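Before any comments, here is the structure.
Throughout, read-outs are computed from the coordinates displayed, never taken from laboratory work. Keep in mind that this is a model prediction, so the values were computed, not measured. Heads up, the Cβs are rebuilt from the backbone with ideal geometry, glycines too, and the neighbour counts pull from every protein chain shown.
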Amino acid sequence: MHLEQTFDVRRPRGEVFDYVTNPDKLAEWQTSKTRVEPLTEGPPRQGSRFREFTKPPRGREFEQVTEFSEFDRPHRLHVHIVEGPYPIDGTWTFEPNDGDSTTVHFVADGKLTGVLRLLGPIAKRLLNRQFAGYHENLRRNVEAA
């Protein structure tokens, strides 16, 4: 499965990057997250790991371990799913735009498993819609700060 999305945030890219990488903010924009537990001490950085608890709409809660396998502030972040039922990695790149605005490019890649694999294109459309909602939350929250 491969998804791509691009959106603008009217804030400097350092602020956008810091918001995306703050585990305390994750459930504010990825609203299916019920809890995030840092597994690595210290501030977020390359190699930081987190246990995320996710409750999708009409689904059962599951947990996964994620890692910041690429952390190049404020340019690029790659989140790798270390363990969990849906191994779909995400990469965000942050480019300066006019003035204090940021263009964010998002790419998700991974192999659908279980029921999602059987649903194929329908699952891809649902995930694309879900990430679009997350990114709208992200944009709105960062711009309001």
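Given DSSP loops and a limit of at most 11 other Cβ atoms within 10 Å, what is the longest stretch of the chain that contains no such trypsin sites (Lys or Arg not before Pro)?
On the way: sites that count: Arg45, Arg58, Arg60, Lys111.
Result for the longest clean stretch: 61-110.
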Exercise. Percent antiparallel among DSSP beta bridges with both residues in the range 2-144, to the nearest 5?
Worked result: 100
Problem set entry | Calculated from backbone phi, Karplus (6.51, -1.76, 1.60) coupling profile of the range 88-93 in Hz, x at Gly/Pro | 10, 7, x, 10, 10, 10
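Report the gain in length on full extension from Glu95 to Glu63: 0.36 nm times residue separation, minus Cα-Cα distance, nm rounded to one decimal. Spell out each step's value before the answer.
Details: separation 32, 0.36 × 32 = 11.52 nm, distance 3.13 nm.
Roughly 8.4 nm would be gained on extension.
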For this session: Kindly express, to the nearest 10 degrees and within the range 0 to 90, the angle between helix 121-144's C-alpha long axis and the longest C-alpha principal axis of the chain.
Result: 30
For this session: Give a residue-ordered list of calculated ³J(HN,Hα) values for the range 107-114 (Karplus: 6.51 cos²θ - 1.76 cosθ + 1.60, θ = phi - 60°; whole Hz; x for Gly, Pro).
Result: 10, 10, 9, x, 9, 6, 10, x
Seminar exercise, completed: With Cα springs under 10 Å, the Gaussian network model of the chain assigns the largest mean-square fluctuation among Asp100, Asp72, Asp109 to Asp100
Seminar exercise, completed: Residue-normalised 222 nm signal for the chain, counting each DSSP H run of n ≥ 4 as -39,500 (n - 2.57), nearest 500 deg cm²/dmol, is -8500 deg cm²/dmol
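So which GluC sites (Glu not before Pro) in the range 41-85 pass both tests, a DSSP loop state and at most 16 other Cβ atoms within 10 Å of the Cβ? The partial results should precede the final answer.
Values: sites: Glu41, Glu52, Glu61, Glu63, Glu67, Glu70, Glu83; in loops: Glu41, Glu61.
Of the GluC sites (Glu not before Pro), the ones in loops of the range 41-85 whose Cβ has at most 16 other Cβ atoms within 10 Å are Glu41, Glu61.
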